[in-house]
Amino acid sequence: MASFKIGRVQEDILRELTAVMRELKDPRITPDLTIVRAELSGDMGHCKAYVSSLSGINHAKEACRVLTKASGFIRRELFRRLELRKSPELHFVADDSIAYASDISEKLSNLGLTGGLGDDAADGGETESV
C-alpha cells in the first residue's frame, strides 16, 4: 500500500522540481534541461533526480552542480508547494538519455526511417502487385 503513496509523491516531486527549476534565475539552467525521473527512497527521506540535456552529458553535469548548490532553496519550495511532512534530501544525477534518444532519432531520419508509418498507410494500406 505504501508503494502507491511513494509513486504519487514521486510524480508530484517530478512535476514541482521541473517548475522550480524553470523559476531559477541561474543562466546555467537552460530550457533544454529536463528532469527525466525522480526516485524516492522507501522512507521518503532521499530523492534522486535524473537531469538530462539536449546539449549533452557535460551540460547535464554542470546543471547538477548548480542544482546541488541550490538544493536548500529547492527543498524549501518542495516542502511549501507539496505540504509534505518532511522534505526529502535531493541528489541530482546527470543522465544522457535525451541526447542519446536525439542522436538515434537523427540517425534514423538520415536513413529515411522516421519511425512513422510508411507509404502503405497513405493509400489505405493497399499495395499494387506487378
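Determine, for the chain, the count of lysine pairs separated by eight or more sequence positions (or lying on different chains) whose alpha-carbon distance falls under 29 Å. Lysine pairs meeting both conditions in the chain amount to 14. Taken along its principal axes, the alpha carbon cloud of the stretch 2-100 reaches lengths of 37, 27, 17 Å, longest axis first.
When only the Cβ of Lys, Arg, Asp and Glu is charged (+1, +1, -1, -1), the dipole of the stretch 2-100 relative to its Cα centre reaches about 320 debye. Bridges between two residues of the chain, per DSSP, are antiparallel at a rate of about 50%. The trypsin sites (Lys or Arg not before Pro) of the stretch 1-51 that DSSP puts in a loop, and whose beta carbon has at most 15 other beta carbons within 10 Å, are Lys25, Arg28. Taking the square roots of five times each eigenvalue of the Cα gyration tensor of the stretch 40-98, the equivalent ellipsoid has semi-axes of 23, 12, 9 Å, listed largest first.
Read-outs throughout are calculated quantities, based only on the coordinates presented, and are distinct from any laboratory measurement. Quick caveat: nothing in here was measured; it's all calculated off a predicted structure. Glycine gets a Cβ as well: all are built from the backbone with ideal geometry, and neighbour counts include every protein chain shown.
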